[in-house]
1. What do you get for Rg/Rh of the range 506-566 when both radii come from the Cα atoms and Rh is the Kirkwood radius?
2. Measure off 7 Å from each Cα along the Cα-to-Cβ vector at Lys377 and Phe93, then give the distance between these two points in nanometres to one decimal.
3. List the aspartates and glutamates whose alpha-carbon lies under 20 Å from that of Lys797, not counting same-chain residues fewer than 8 positions away?
4. State the percent of C-alpha pairs, over all pairs in the range 640-681, separated by a distance greater than 14 angstrom.
5. Working only with C-alpha atoms, what are the Rg and Dmax values of the range 293-379, expressed in angstrom?
6. Using only the Cα atoms of the range 407-490, what do you get for the radius of gyration and for Dmax, in Å?
7. By per-residue mean of other Cβ atoms within 10 Å, what is the highest-first order of 336-345, 509-518, 715-724?
8. Using only the Cα atoms of the range 321-478, build the gyration tensor, take square roots of its eigenvalues as a ≥ b ≥ c, and label the shape rounded, prolate or oblate: rounded if a/c is under 1.5, else prolate if a/b is larger than b/c, else oblate.
Amino acid sequence: MAEPGLHFTPPDISTDTPGAVEATSAVGLTEREASDRLSREGPNEVPDAPTHPVLRLLRKFWSLSAWLLELIAALSLILHKQADFWISLALLFVNAILSFLQEQRASSAVAALRRRLQVTARTLRDGAWRLITARELVTGDVVRLRAGDFVPADVRVVDGELRVDQSALTGESLEVQKRSADALFAGSVVRRGEATAIVTATGTRTYFGRTTHLIESARPKLHVEEITTRLLRWLFVIVGTLVSLAVALSVVRGLPLLDIVPLSLVLLISAAPIALPVLITVSTAIGSVELGRHGVLVTHLAAVEDAANMDVLCADKTGTLTMNRLTLGAVLVQPGFTEDDVLRTAVLASNPADQDPIDLALLRAASERGLLDSSAKTLSFVPFTPETRRTESIVEINGRKMRALKGALRTLAELVDLPPDTVAEIEARVDEEGKKGARVLAVARGDDGAPVRLIGLAFLHDLPRPDSRRLIEQLQSLGVRVKMLTGDGLPVACEIARTLGLGDIVRAPELRAAEKDGGLRATELAARAGGFAEVFPEDKFLVVEHLQSAGHVVGMTGDGVNDAPALSQAEVGIAVSGATDVAKRAASIVLTEEGLASIVDVVKIGRSIYQRVLTWIINKVSNTILKAGFVVVAFIFTGKFVISALGMILLVFMTDFVKIALGTDRVRPSQTPESWRIGPLVKVAVVLGALMLLEALALLAIGSRIFELTGDRLHTFSFLTLLYFAIFSIVSFRERRPFWRSRPGWVLAAALAADALIGTAIGFFGMAELGPLPLGQIVLTAAYALICSLALNDIVKSVLTEHLWIAPRRIQA
């Protein structure tokens, strides 16, 4: 959006680059010209080299679970078990197609995210500066570049100086200086300075032919995957030991080895996390879509997971805790000057092309008072940097040159050499306004080579957001402590902290001093403080590092190029609305709306996803113990396998793929930060798995005696026993409290019902080696599993979860 009434007149531009780019007028391209060129040249992007869908589908047949299914199918063919062969083959293709479709869905999500989160460019169109997406740029466009920007196309500098990082393109590690007439290549990063430039090439015609993306396609390895991988190694050891025992006994008892191998392979499949990748994809995709509705764009999957563990949030004051809309309040003038003099000079030391909040506040105030001077011509402009802490312009008005400056009071006081008593007097007034939450801006000028004089102070107000205090209390009720970071002085910071109910504010220089004295004192200070004032961007990295040293999982908000190290260091780096491209790339979450509300949503949704994954882990551990133990223990006591390889294959896939629906389940996020120390929960799962195993074996013993089960009917009875226990255990384990305290989501409920109906139909009508059973036996089996799972086992689960999992976490919190 263009700022009404604010225009910038660039110098006349002509280029002699290849392609003979036309001279651009003083008002930039018109929208019609830009549209015509966009039609001729195409969008400013380089399409990624696509991988053929057939190749991606074929890769799905090259994995552990695929190999095991292929081996079972081959053995079934050799043993002339046609039904086993075709069902194994069908499951192999179903598995591959489902995984392929989920991968396509994930790729589509990344593409959609790229469309929503694109590199933007400040562009001069029809005489007004506006933000457009980089893909809309065309040759001849006038663009404004400043620190933190990605260079969106090949450009030639026409005004200003820059320090750029071209390491991603050329491999050079050192920054390169660029001045007027120098070429800049798409994909470079502006580290320092500001400049106006003209676009010389776009898209595939750029020198390096690369598009800069804020979203990478690479999928990071998640903590949950690392933990479940370790867990599943132990499951493989347990199942492998049981299978080895069964094979050894089979050999001793003289059973044909080829009849044993398929079932052994299926038992190993039961320990494999076949559905886990799809479950995580579904959970994170649903979570990302839901967060997108709340104005949150997730750029790294691990961020949603880490948000569940986050217990400290370091929040920028401006834009996160406050409105980020500065308004001019009081103006304190020095003798011999007026308020209008102060405001005019402050405006001359501003640059509307930068769309800086301070500059825009001053320009709005000057426009309302009719003080904008169209005759003023800017000859040079030096932007604000954390080192100089001021902006400076050389302007020409009616043939006379003037030097205009605005910035930090102490910086300009030193520059104009104010007497100490005058500085003390001014600071007393500043402190008085600071207690009201005002930000001070010193203004100075020098006329026609005369010494620079301080002409006054402008006080700007950025009021706290109406919902900030409530949202801070909400985060604290969720176990997340909020710390405010601001570059403002201590009085302003303390006033805002008092309004928002935050703790004691400490000056950042005190943290740096503590760092020099010893890391431990700095760590204690970072953990104790309610926030920091007078913060430089590099201090944010220091705060994050010391909080992590104290054992905290840290979230950090930021918007500038110098915030990138802190955003990368934090477990949850959050680029706030209006952040620079570099900050967005460094962050794992990008907010498109201001305030803390979106961060509360991130925490709640992250914890919901965590709970869904925990439910999968409990089910996986307990059901693996149930299935493997049931087959092997029954074999030890009966001397025969009570379920066929076909029945076990169907069981594994029917139960594992129903668990994918856990990714859509209705869950209750916890009120405390989560932790991946899940040892106690695994113990709960092991106890429940052993309990289900005893109950299932008891039912098998009763059924064999009463119903005289043999052959195919025995296989079917065992299949239904394990299936019903698996279905009802999901209903129980999805809720940490008694199962009836919450209803499952409709997708999970439908999947469980479908599983039960299909299993019951197989039991009643039979399938290949699974003989039909009378309806009464099927009902008895289902009723027994329901009573054990939702009565006895649910009580045991609730008690164990409370004492081994929830209670220790409450104590820790």
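Readers should treat all values here as calculations from the given coordinates under stated rules, not as data from a laboratory. Quick caveat: nothing in here was measured; it's all calculated off a predicted structure. Ideal geometry is used to build each Cβ from the backbone, glycine not excepted, and the neighbour counts take in all protein chains shown.
1. Details: Rg = 10.8 Å, Rh = 11.5 Å.
Using only Cα positions, Rg/Rh for the range 506-566 is 0.93.
2. With each label placed 7 Å out from Cα toward Cβ, I get 7.7 nm.
3. Partners found: Asp665, Glu674, Glu695, Glu735.
4. Working: 607 of 861 pairs.
Here the long-distance tail beyond 14 Å is 70 percent of all Cα pairs in the range 640-681.
5. Values for the range 293-379 (Cα only, Rg and Dmax): 19.9, 60 Å.
6. 17.9, 60
7. Working: 336-345: 18.1, 509-518: 14.3, 715-724: 26.3.
The most tightly packed comes first, giving 715-724, 336-345, 509-518.
8. Values: a/c = 2.13, a/b = 1.54, b/c = 1.38.
The shape class here is prolate.
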